[in-house]
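Contents: one structure, followed by commentary.
Since every read-out is calculated from the coordinates, none of them should be taken as a lab result. Because the structure is predicted, anything quoted here is derived from the model rather than measured. A quick note on method: Cβ atoms are made from the backbone with ideal geometry, for glycine too, and the neighbour counts reach across all protein chains shown.
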Amino acid sequence: MAQKTTHGPWCAFILLLLTTVAPLATACRGLVAPAPPEPTTTTDIAISPETPPAPTVDRYALNDDIEFEHISVEQGLSQNTVNCILQDSQGFMWFGTGDGLNKYDGYSFTVYRHDPADPYSLSNNAIKTIYQDQAGALWIGTQGGGLNKFDRETERFTRYLHDSQDSHSLSYNTVTSIYQDREGVLWVGTWVGLDKFDDENEQFIHYRPRRRSQNTVNAIYEDDSGALWVGTSGELARFNREKEQFIHYQNILYDPRSLSSNVVRVIYQDRAGVLWVGTEGGGLNKFDRESEQFTPYLIDPGDVEGFAFNHVTSVHEDQAGVFWVGTGGGGLYQFDREAEQFTAHQTDPNSSYSLSSNYIRSIYQDRQGVLWIGTWDGGINKFDRAKNKFVHYQSDPNDPNSLSQNRVLSIYQDREGVLWIGTDGRGLDKFDRETGQFTHYRNDPDDPYSLSNNYVTFIYQDQESALWIGTWGGGLNRLDPETERFTHYRNIPNDITSLSSDIVKPIYQDRSDALWIGTWSGGLNRLDLETDKFTRYQHIPYDPHSLSDNCVTSIYKDQSGALWIGTWGGGLDRLDRESGQFTHYRSDYGDPHSLSHDTVLSIYEDQSGVLWIGTGGGGLNRFDRVEETFTHYGEQEGLPDDTVMGILEDSQGLLWLSTQRGLARFDPQTETFKNYSVSDGLQGQEFSLSAYHKSDSGEMFFGGVNGFNAFYPEHVRDNAYVPPVVLTSLTQGGEDVDVGQAIESAREVTFHWPNNFFEFEFAALSYTQPERNQYAYMLEGFDEEWNYIGARRFGQYTNLSGGAYRLRIKGSNNDGIWNEEGVALTITIVPPFWETVWFRGIAVLALVGGIIGGYRLRVRNVEAQSHALETLVEERTHALEHRTRESEQRKQELEALYRADAELHRHLRLDQVLQALVDITVDIVQADKSALMVWDERREKLVLRVARGFGPETCAQMSFEPGVGTVGHVAATGERVIVEDVGADPRAQAHASIIEPESIRSYMQVPIKVGGVVFGVFSADYVHPRAFGDDEQRLFVALAQRAALAIDTAQLYEQTQELAVVQERNRLARDLHDAVTQTLFSASLIAEALPAIWESDREEGKQLLGEIRRLSRGALAEMRTLLLELRPTALVETSLPDLLRQLAEAVTGRTGIPVTVTMTSQCELPADVHVALYRIAQEALNNVAKHASASRAEVALHCISAGGSVELRVHDNGRGFDPGDVLPHRLGLEIIHERAQAVGATLKVESEIGNGTDVVVVWRSSV
């Protein structure tokens, strides 16, 4: 809850009382009263930088109704007590807690804790303070663990601890504050005093502000003059670094200008150069450095004990100039330094967005402007002013002076600045924003002058300042602003001069003072204010110039004076007020430039004279009044939803659109949308029709299902912060890659084949709505363009060829501002040796060298040693051929293994993949036998799934318990096992019953992990002892990893196939039941009755035999159609005339309607056209059977070979219909249109009530 307190003339008296009572109270507890400050003996001289002007506080800065986002252990924070906060130079957030150090990237935490076995881990988990020095190193002060320096490159901590035997060690192991001055000297505050760190010698020099006690240093700060200030548990001190002396400032009894309390918790200098001192029990102090006097500010003057409100733990001035003060129990405060007023933010158990704890430990603002609040036992509170772009008003059930209901139907601001809100069942609200007072108007059945109905759908103020209220069911109301009485205008049956309907929607007053009222089902009304008579404009079915529909949703007058009417289902109308005639603009499916949808919800003319129409399903339309054409903007163009409830324009010419999925800002020049959602502060995703309004000052209002929003468009700014982009993870098969340093610092990495794959994760360090940050990546040398992946933060590459690559990642903030440079990682893939240049070069040089050497030797000894030379050349030639064969053999083996990867991924079914794996092992790795054991259904033991080379008796007994033998060990631990000689390795004895019959002498067993879980154990077995080299082991493991990927893919494929089979069986079952089963059932009933009828009336029996014949032929045709569905290729293989005759027989058999098929010539058609015409005929005949009530139908196919065209016509003599009254998606027309459009055919549907229907499709070849 927010509270405000102000300082009056009595503040000095309360302060004097506090300074009198506090020393007496401490003396009663056995402490000595504080002494007066010591005289100043030296003067510090320093160069003072120019003080920047104090920033201007924006209009939202002192808002007392801010919302906090909570981050706690549930999101991964190590503990909910957060003592200190820091953003490092890379952009990561760091949080020191009572149980570990936390690094945060906006999505997840990395926690650093003490590890007794690791001397380079954090020395203690209780973190008191964090500081980053000028070199970028992080310093961490702990409680009981001394001082730690964190190396970001190696992620190692260096510890500095107190050593009683070393006078130059840290003075105490509890470090409470750290500060580096402008000279680069590091100062460390401990429980016993101030230490200066000698970086060269790594020694500490100790200083004690007081000689005996109260030397706990809580704060260290260097002001703009270079003075070093130290806050302790006994005083405020200024340290003279030249003379190494302290100048003391303490509370003086009866001196209201002295420090208000001797326990100093925080020291801070604002941008105006004012030094502020936060104390325990004495509130906040402003220090005048010229007069050396203090001005105290008590947050709660009544809190004389000072244990909550006046216990100041942290102070911070944010980028907007707001001064924040944290207390130890009183919550968080905004301090207006000019008005000397505090605004409180405290825990509210009824609000999930209030402060999580009133005990504030730290306040920090990151470079983007997000405010982070660390609390005791309440985790982190995050306040992002940029997130709350819109002021939100809603109902508070516990506060009668609030909105009466959250569902807002209408909103309007009158000329006096008073806001009027219409609700859904709770009447009309009047909101005086200057006083904050709500007045509620509701229907009172006993008061004839009260509001007629509590469902207020529209509000309008006329030229005489009277307020007109439209209601749902209560007609029209006129509110007299002076008497606050309502006059009712209702529908009176049989009185055509009364209101046509009591459901009133839009209201508008024209220049002639006439009031136009749109109603639901009653059309348009014109009210003459002099006579109080209504003139009705309604839809007349046979009058094309009448109103298109009686449900009127919107009324708008453009700059030319034309009156535009939006209707629900009748499109857009323009009224000629002189003639009383309407011009209609409707949606035409065949005309892409017509109105996109016939439900028109909003109309607006912008500054340039363009008319915009919001529709209920067709998005936004721009109307060209010269060409009378419409341009459509929908979800595909970026609109969040195709239902546009309201349209307003700001001073920049941008349109603001309320929809059923949030609010959109549209730029007509660039034709781009910027969308806003609940996370931006909107009342909800769903907005209401008529609940939108723009005031004379430019402020906009939009209402919906959860209250309403108010905002000035010029204050809704995009986030301009360009976020740093960092790599957060690099793995292979889910295992972290060791890059020798912190992953975010890595700039290059090398992988050796076959580990030529990797996965990676990343983050854009923008903490304003990080879930809306966008990402893209590319691998230069592999990708030709960027992969834009939305909000996803991971990627992967597999099977990379040897060479050098550059992985680039870029990201944006929540408003789409990209860091185009991003982060880059150089990746080198070392290929297999036979692909290297050096290997090929050596082979060529060896060959050439042998030839040259042999040639020279032969020349030198041609006469004397010809025979010996021939022998030597032959020997060397054989040796070279032998080496070449060995090299070629090794190359073939590795190339075959490379192909094995493709072979595994070629199969989609799991059994095929597993069998391929053992076959590859025997063929490629040259194993004598191979087997794969997998878990049984209960995962109680491993059983044989596939094998090669094993006898049937051995396969039957291959079953293994977890942990038993080498197979059980691999399954239980996930570690591979190598047995090079079963006779010398005791681990093999557990499998003697398998090894001995199969004569196995050596084997290697490797786990196959799918999704991080052991799927099975993969074994390669040899009948001779074998030494497995490193290369062979690595290749074998790589094969298991590739197999795991293929197994995962096969499992997913089989699951998908099973689902598809079930769906197809269900569909065929329905078709069999609806068509064939019912037809055969009818035939069987006739057959049962036929013998008796034949005996009595043979003529009737003959007719029944004909009926059985018709039904049987129909059932046969239906069955053939279903068989075509089972084998889709048959649709193309069967001629189109045969298909059409089969359809006709099926319809005739099922319905009894004769269907004739005529064809003028054979048609050679492309496969897609062939199928499309069949499907169109099928759908058209289904419509005849279901809807036409026809006595006959005809299907005609006419082919013109010379022109390369074909015409399909389906005709029936049924009841027909009016095409203007049937929506496109009815009667399957939309499906027929889509099929024709897909093959480039034209479709024409002609029908007339009582005269049947014609469906004509014409396709022309483009060749």
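Remarks
- Links that overshoot a 28 Å alpha carbon limit, given the list 389/557; 430/694; 387/505; 103/387; 505/694: 389/557; 387/505
- Estimated from the Cβ-Cβ distance and a Förster radius of 56 angstrom, the FRET efficiency linking residue 201 and residue 838 is about 0.65.
- Positive minus negative residues near residue 135 (Lys, Arg vs Asp, Glu; Cβ under 13 Å): -3
- Near-label residues of the range 619-641 by backbone N, under 11 Å of a point 7 Å along Cα→Cβ of residue 583: 625-629
- Using a simple spin-label model with pseudo-atoms 7 Å out from Cα toward Cβ, residue 214 and residue 1200 lie 10.8 nm apart.
- When each of 818, 516 is scored by the number of other beta-carbon atoms lying within 10 Å, the sequence from fewest to most is 818, 516.
- Paramagnetic label zone (point 7 Å from Cα along Cα-to-C-beta, residue 911; backbone N under 20 Å) in the range 1001-1016: 1016
- All Cα pairs of the range 540-658, percent lying beyond 18 Å: 48 percent
- For the pair residue 1234 and residue 530, the difference between a 0.36 nm per residue extended length and the Cα-Cα distance amounts to 247.9 nm.
- Applying 0.36 nm per residue to the separation of residue 444 and residue 432 and subtracting their alpha-carbon distance, the gain on full extension is 2.0 nm.
- The distance separating the Cα centre of the range 504-580 from that of the range 361-423 comes to 39 Å.
- Distance between the 7 Å Cα→Cβ label points at residue 851 and residue 956: 6.3 nm.
- Dipole in debye (nearest 20) - the range 745-844, about Cα centre, beta carbon charges: Lys, Arg +1; Asp, Glu -1: 180 debye
- Cα→Cβ-extended label distance, 7 Å offset, between residue 922 and residue 972, nm: 3.1 nm
- Euclidean distance of C-alpha centroids, the range 690-759 and the range 900-953, integer Å: 44 Å
- Cα-based shape type of the range 1142-1208, given that a ≥ b ≥ c are square roots of the gyration tensor eigenvalues and the cut on a/c is 1.5: prolate
- Centre-to-centre, using Cα atoms only, the range 106-149 and the range 1132-1155 are separated by 81 Å.
- Amide N proximity, the range 650-675 versus residue 394 label position 7 Å along Cα-to-Cβ, cut-off under 16 Å: 662-663
- Remark: the residue 629-residue 799 segment gains 55.9 nm on full extension, using 0.36 nm per residue and subtracting the alpha carbon distance.
- q = 0.10, 0.20 Å⁻¹: log10 I(q)/I(0) that the Debye formula gives for the range 894-1060, counting C-alpha atoms only: -0.34, -1.42
- Count Lys and Arg as plus one, Asp and Glu as minus one, and take only other residues whose Cβ is under 14 Å from that of residue 577; the net charge is then -3.
- On the basis of the beta-carbon distance and an R0 of 41 Å, residue 1261 and residue 1221 show a calculated FRET efficiency of 0.70.
- Once the Cβ-Cβ distance of residue 415 and residue 674 is raised to the sixth power relative to R0 = 51 Å, the FRET efficiency obtained is 0.95.
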